[in-house]
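> Have a look at this one before I ask anything.
The values are calculated or read from the model by the stated rules, or taken from the named source; none is laboratory data. Please read these numbers as outputs of a predicted model, since none were measured by experiment. No Cβ is skipped: glycine too gets one built from the backbone with ideal geometry, and neighbour counts run over all protein chains shown.
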Amino acid sequence: MSDLAGKRALVTGASRGIGAAIALALAEKGADVAITYERSADRAADVVRAIEEKGRRGLAIQADSADPAAVKRSVEEAAEGLGGLDILVNNAGIARAGTVAEMSLADIDALLNINVRAVVLASQAAIPHLGQGGRIVSIGSSLGERVPFPGVTVYSLTKSALLAFTRGLARELGPHDITVNLVQPGATDTDMNPADGEQADGLRALTPLGRYGNPQDVAAAVTFLASPAARQITGTVVTVDGGLNA
Ligand code: NDP
């Protein structure tokens with residue numbers, strides 16, 4: 001399949017996990033792909049190599065999503081390096097657990113800055129580069145709509161913010177034929193939430209399909225939303241959670 005041939009994409013936080021799977025899936029469909037990472041330079045280089053093995057252009061950019069200047073720079077470097085930008089995937093995110101009563105200011109700030117502010121700033125920086133048919137896809141969470149246990153309130157808040165952001169930005173960019181959508185994973189087997197981790201059995205028990213998803217399950221939804229076939233889908237949500245929110 002090559003329905004993204006000639007497209008240029010930036011995926012934030014794609015040295016590992018869901019972001020890496022999205023970057024590889026976009027390349028598989030024919031896109032050139034830039035990725036950002038915070039610390040994992042070696043893992044990012046592996047992802048770039050895998051993109052290049054598919055015959056596509058790959059580019060790794062070190063950029064801490066908590067740093068507004070770095071976020072803006074990463075979008076500019078991606079557009080310059082790839083010769084333009086058609087697709088932005090806001091994937092970089094962190095999880096910090098803790099009740100509201102106990103959570104530190106540093107954790108609250110980190111969650112808001114990386115999971116929310118960086119999504120706004122990367123989208124803002126991408127807008128001048130995106131033409132007709134452009135795509136913004138952000139990665140939220142099933143916890144953005146439902147909070148089925150305590151201790152994840154602020155994380156859930158950050159993912160909930162992406163629902164309104166997606167709807168509002170879809171209104172703003174619709175006249176330019178640019179779509180904006182949100183993909184909400186449920187429990188997905190990555191370093192953030194390993195399928196053999198302490199929380200895993202509890203999450204499986206809440207999930208009708210009774211299993212973790214893998215990063216490729218999320219990537220499949222993103223590549224569809226990025227494709228020309230999804231041209232009439234904007235301002236909405238695709239939840240890939242095994243039924244967790246049912
Ligand atoms: P991982 O922790 O496995 O990977 C996180 C990726 O984001 C890494 O590439 C990491 O880079 C990058 N990253 C983290 N912090 C920053 C930062 N400050 N600046 C730039 N890049 C950063 O996470 P997942 O793949 O599991 O999660 C991806 C997205 O999916 C997140 O938004 C998460 O909230 C969401 N999600 C995940 C779920 C799950 O069950 N796994 C469920 C629902 C949503 P580096 O390697 O350099 O640290």
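> For the stretch 155-167, give me each residue that is within 11 Å of the ligand (Cβ to nearest atom) and more than 14 Å from the chain's Cα centre (by Cα). Working first, answer last.
Of the residues in the stretch 155-167, the ones within 11 Å of the ligand (Cβ to nearest atom) are 155-156, 158-159, 162.
Y155, S156 - these are the residues of the stretch 155-167 that are within 11 Å of the ligand (Cβ to nearest atom) and more than 14 Å from the chain's Cα centre (by Cα).
> Right, next: Select from the stretch 80-99 the residues that are at negative phi and more than 18 Å from the chain's Cα centre (by Cα) and list them in ascending order.
E80, G81, L82, A97, T99
> Could you identify the single residue in A21, A25, A31, A45 that is in contact (Cβ under 8 Å) with a residue 12 or more places away in the chain, surrounded by fewer than 19 Cβ atoms within 10 Å (Cβ to Cβ) and of a type in the set (A, V, I, L, M)?
After applying the criteria, what remains is A45.
> Moving on. Taking the conditions exactly as written (within 15 Å of the chain's Cα centre (by Cα) and either over 30 Å from D32 (Cβ atoms) or hydroxyl-bearing (S, T, Y) (or both)), does T188 satisfy them or not?
Judged against the criteria, T188 is a match.
> Got a sec? Which of L26, L82 is more than 14 Å from the ligand (Cβ to nearest atom), touching a Ser or Thr at 6+ places or on another chain (Cβ under 9 Å) and of a type in the set (A, V, I, L, M)?
Going through L26, L82 in turn, just one is more than 14 Å from the ligand (Cβ to nearest atom), touching a Ser or Thr at 6+ places or on another chain (Cβ under 9 Å) and of a type in the set (A, V, I, L, M): L26.
> What pairs come out if I take residues in the stretch 50-63 that are free of Cβ contacts under 8 Å to residues at least 60 places away in the same chain and within 10 Å of the ligand (Cβ to nearest atom) and pair them with residues that are hydroxyl-bearing (S, T, Y) and in a strand (DSSP E or B) whose C-beta lies under 6 Å away, six or more apart or interchain?
I61/T36; A63/T36
> Quick check: anything in the stretch 15-28 farther than 22 Å from Q216 by Cβ and at pLDDT 95 or above?
No; the residues of the stretch 15-28 include none that is farther than 22 Å from Q216 by Cβ and at pLDDT 95 or above.
> Also, I was wondering about something else. Within the stretch 109-122, track down each residue that is surrounded by 14 or more Cβ atoms within 10 Å (Cβ to Cβ) and either without any contact (Cβ under 8 Å) to a residue 24 or more places away in the chain or within 16 Å of the chain's Cα centre (by Cα) (or both).
From the stretch 109-122, those surrounded by 14 or more Cβ atoms within 10 Å (Cβ to Cβ) are 110-122; that's our starting set.
If the condition is that a residue be surrounded by 14 or more Cβ atoms within 10 Å (Cβ to Cβ) and either without any contact (Cβ under 8 Å) to a residue 24 or more places away in the chain or within 16 Å of the chain's Cα centre (by Cα) (or both), then L111, L112, N113, I114, N115, V116, R117, A118, V119, V120, L121, A122 are the ones that fit.
> To continue, here is another question. When you go through A125, A106 one by one, which is the residue that is out of contact with any His (no Cβ under 6 Å at 6 or more places or on another chain), surrounded by 18 or more Cβ atoms within 10 Å (Cβ to Cβ) and at pLDDT 95 or above?
A125
> To continue, here is another question. Of all residues in the stretch 105-142, count the ones that are among the charged types (D, E, K, R), more than 14 Å from the ligand (Cβ to nearest atom) and part of a helix (DSSP H, G or I).
Here is the first cut: in the stretch 105-142, the residues among the charged types (D, E, K, R) are 107, 109, 117, 135.
Then drop every residue that is not more than 14 Å from the ligand (Cβ to nearest atom), which leaves 135.
Filter once more, so that each one left must be part of a helix (DSSP H, G or I): none.
Here the count works out to 0.
> Which of (1) surrounded by 22 or more Cβ atoms within 10 Å (Cβ to Cβ); (2) in a loop (DSSP other than H, G, I, E, B) does I51 not meet, given it meets every other one?
(2)
> Within the stretch 168-187, restricting attention to residues that are buried (at least 19 other Cβ atoms within 10 Å of the Cβ) and in a helix (DSSP H, G or I), which residue is farthest from the ligand (Cβ to nearest atom)?
Within the stretch 168-187, the match that is farthest from the ligand (Cβ to nearest atom) is L173.
> Let me ask something else. Taking E172, is it in contact with a helix residue (DSSP H, G or I) (Cβ under 9 Å, 6 or more places away or on another chain) and among the acidic types (D, E)? Spell out how you get there, then give the answer.
Values: in contact with a helix residue (DSSP H, G or I) (Cβ under 9 Å, 6 or more places away or on another chain): yes; among the acidic types (D, E): yes.
Answer is yes for this residue.
> Another question, then. Does the stretch 93-104 include one or more residues that are touching a Gly at 6+ places or on another chain (Cβ under 9 Å), assigned to a helix (DSSP H, G or I) and under 24 Å from A226 (Cβ atoms)?
Checked the stretch 93-104: no residue is touching a Gly at 6+ places or on another chain (Cβ under 9 Å), assigned to a helix (DSSP H, G or I) and under 24 Å from A226 (Cβ atoms).
> Right, here's the next one. Take E28 and tell me if it is of a type in the set (D, E, K, R) and out of contact with any Gly (no Cβ under 9 Å at 6 or more places or on another chain).
yes
> Any chance the stretch 192-201 includes a residue that's assigned to a helix (DSSP H, G or I) and either surrounded by fewer than 20 Cβ atoms within 10 Å (Cβ to Cβ) or acidic (D, E) (or both)? Please lay out each step first, then the result.
Quick first cut of the stretch 192-201, residues assigned to a helix (DSSP H, G or I) only: 200-201.
Narrowing further to those that are either surrounded by fewer than 20 Cβ atoms within 10 Å (Cβ to Cβ) or acidic (D, E) (or both): 200-201.
Within the stretch 192-201 (the criterion being assigned to a helix (DSSP H, G or I) and either surrounded by fewer than 20 Cβ atoms within 10 Å (Cβ to Cβ) or acidic (D, E) (or both)), the answer is yes, since at least one residue qualifies.
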